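Remarks on the structure that follows.
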Amino acid sequence: MKKLKALMLSLVALLPIFAAVATTYAFESSIHGAVVVTYAIPPTDDSMTNPDYKLLSYHWYTTINYYINPSNKYGFSTTAVVNTITASAYTWDKETAYQVFSYKGTTTRTAGRRDGYNVIAWGAYQAGVIAVTYIWSSGSRIVETDCRMNTYYKWSLSGEAGKFDVQNIMTHELGHWCGLADLYNDADYWLTMYGYGAYGETYKRTLGLGDILGLEAVYGP
């Protein structure tokens, strides 16, 4: 299928992640969101032999202390939400000796506001955007990150058809927290940092070779 322009908002099953940079006070605010497109799918899974990765121009220089707001309209328990999102964080943490993430507990804070807390939460956002990662940085140093999962869409904890899988999407989004950028070449389809996702998709729950190499480029093996 022919790819649509990245900022189209007509709804199909696939959502890319884009970045926009704006200056806020002394910090740069980057937003990684998802916008709808169609694309051609490579036929085979080569994630464990594909070394491709791309880095953002900034990353955390300290362990990321993060909080989860488990409030949701989907009937998920607090325990299930926390276990799922911390599993996404551990997917990255286990591939490096450096402690990238440290879960600090639940919160009622919202995501998307600079408040000194790194928060993952559900919240309203425009149609066509499935999840948004906010990055505030000073030079090459990230100073705060949030992620908002869009309540416009249905979510699942088990890869259900017609819904977006929390662990799948959050593993990708937390890659941005690690300093990795999106990949858009079709050859990189099976990598976690490939910038498109689909309903019912779960393969981004596990990292490919390029994802791991990108993480190690920032934090070491």
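The values are calculated or read from the model by the stated rules, or taken from the named source; none is laboratory data. Note that the structure is predicted; figures quoted are calculated from it, not measured. A quick note on method: Cβ atoms are made from the backbone with ideal geometry, for glycine too, and the neighbour counts reach across all protein chains shown.
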ask   = (1) buried (at least 22 other Cβ atoms within 10 Å of the Cβ); (2) part of a strand (DSSP E or B): which one isn't true of residue 169, the others all being true?
value = (2)
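Pull up region 42-54, narrow it to residues that are polar (S, T, N, Q) and either under 16 Å from the mean Cα position of the chain (by Cα) or surrounded by 13 or more Cβ atoms within 10 Å (Cβ to Cβ) (or both), then point me to the one that is farthest from residue 151 (Cα to Cα). Spell out the reasoning first.
Step one: of region 42-54, the residues polar (S, T, N, Q) are 44, 47, 49-50.
Next, only the ones that are either under 16 Å from the mean Cα position of the chain (by Cα) or surrounded by 13 or more Cβ atoms within 10 Å (Cβ to Cβ) (or both) stay: 47, 50.
Working: 47: 30, 50: 33 Å.
Among them, the one singled out is 50.
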key: Selection from region 72-109 of residues that are over 24 Å from residue 61 (Cα atoms) and in contact with a Gly (Cβ under 7 Å, 6 or more places away or on another chain)   = none
key: residue 70 vs. criteria part of a loop (DSSP other than H, G, I, E, B), buried (at least 16 other Cβ atoms within 10 Å of the Cβ) and touching a residue at least 24 places away in the same chain (Cβ under 8 Å)   = yes
request  = Check off (1) in contact with a Ser or Thr (Cβ under 8 Å, 6 or more places away or on another chain); (2) modelled with pLDDT of 95 or more; (3) not hydrophobic (A, V, I, L, M, F, W, C) for residue 134 and give me the number that stays unchecked.
outcome  = (2)
ask   = Among the residues of region 79-101, is any in contact with a Phe, Trp or Tyr (Cβ under 8 Å, 6 or more places away or on another chain), more than 20 Å from residue 206 (Cα to Cα) and either at pLDDT below 95 or loosely packed, with under 14 Cβ neighbours inside 10 Å (or both)?
value = no
ask   = All but one of (1) loosely packed, with under 13 Cβ neighbours inside 10 Å; (2) part of a loop (DSSP other than H, G, I, E, B); (3) without any contact (Cβ under 8 Å) to a residue 60 or more places away in the chain; (4) hydroxyl-bearing (Ser, Thr, Tyr) hold for residue 57; which doesn't?
value = (3)
inquiry  = Quick test of your reading of the structure: residue 65 fulfils all but one of (1) surrounded by 17 or more Cβ atoms within 10 Å (Cβ to Cβ); (2) modelled with pLDDT of 95 or more. Name the failing condition by number.
reply    = (1)
Among (1) closer than 17 Å to residue 57 by Cβ; (2) surrounded by 18 or more Cβ atoms within 10 Å (Cβ to Cβ) - the single one residue 153 does not satisfy = (1)
task = Being polar (S, T, N, Q), farther than 18 Å from residue 169 by Cα and touching a residue at least 12 places away in the same chain (Cβ under 8 Å) is the filter here, so list the residues in region 79-109 that pass it.
result = 96, 99, 102, 106, 107, 108
inquiry  = Quick test for you: out of 148, 113, pick the one residue that is under 15 Å from the mean Cα position of the chain (by Cα) and of a type in the set (Lys, Arg).
reply    = 148
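If you take the residues of region 175-195 that are outside any loop (DSSP other than H, G, I, E, B) and aromatic (Phe, Trp, Tyr), which of them is surrounded by the most Cβ atoms within 10 Å (Cβ to Cβ)? Steps first, answer last, please.
Taking region 175-195 first, the residues outside any loop (DSSP other than H, G, I, E, B) are 175-177, 180, 183, 186-188, 194.
Now restrict to residues that are aromatic (Phe, Trp, Tyr): 177, 194.
Values: 177: 26, 194: 28.
Of everything passing the filter in region 175-195, 194 is surrounded by the most Cβ atoms within 10 Å (Cβ to Cβ).
Could you list all residues from region 110-119 that are surrounded by 16 or more Cβ atoms within 10 Å (Cβ to Cβ) and either touching a helix residue (DSSP H, G or I) at 6+ places or on another chain (Cβ under 6 Å) or more than 15 Å from residue 170 (Cβ to Cβ) (or both)? Give the steps one after another, and end with the answer.
Looking only at region 110-119, we keep the residues that are surrounded by 16 or more Cβ atoms within 10 Å (Cβ to Cβ), and these are 110-112, 117-119.
The answer is 110, 112, 117.
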